[in-house]
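The values are calculated or read from the model by the stated rules, or taken from the named source; none is laboratory data. None of these values were measured; they are calculated from a predicted model. Note that each Cβ is placed from the backbone with ideal geometry, even for glycine, and that neighbours are counted across all protein chains shown.
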Amino acid sequence: MSESKNENWKHIFYSRWFLLVLSGLAVLLVFSYIQAYYQEYKVRAEIDTLHKEVLNLEAKKIKTVEILKYVQSQAFVEEKGRTELNLLKPGEKMVIIPSGSLKNDIGQSEPDLVKWSKVNNPIKWFKFFFFKDNN
């Protein structure tokens, strides 16, 4: 009887159905392993992305704190007072230059600039090099 049970088990283990079920279980096991590995990969990628974002936000926070310190400083208040409110320090004097008949940096008056602004660049260069008569 024991040999007959042994033979039955051998018959079951060596059958094609057992091999088919075992192969199916192996495929299922491999598929679940691949799925778990892919899930772990996505989680690690998200952790790396979040870590980079944390570093960027920390750098931005440092810049913002530096800007805040500058805005709260006396130098910022003085700069804004001078540029936007036209304020002066005690003892300073302001000079106002009227616009109109003044010449620009190259010594031409406003009408000359208007006249030369309509001339093409090559012609300006030609006249500059070959006709130096201050016109």
Exercise. Within region 82-97, how many residues are loosely packed, with under 10 Cβ neighbours inside 10 Å and in contact with a helix residue (DSSP H, G or I) (Cβ under 9 Å, 6 or more places away or on another chain)?
Worked result: 1
For this session: State yes or no: is VAL30 of a type in the set (Val, Ile, Thr), under 48 Å from the mean Cα position of the chain (by Cα) and at pLDDT 90 or above?
Result: yes
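Okay, residues lined up against (1) among the hydrophobic types (A, V, I, L, M, F, W, C); (2) free of Cβ contacts under 8 Å to residues at least 24 places away in the same chain; (3) surrounded by 10 or more Cβ atoms within 10 Å (Cβ to Cβ):
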| site | (1), (2), (3) |
| --- | --- |
| LYS10 | no, yes, yes |
| ARG16 | no, yes, no |
| SER23 | no, yes, yes |
| TYR33 | no, yes, yes |
| LEU68 | yes, yes, yes |
| VAL71 | yes, yes, yes |
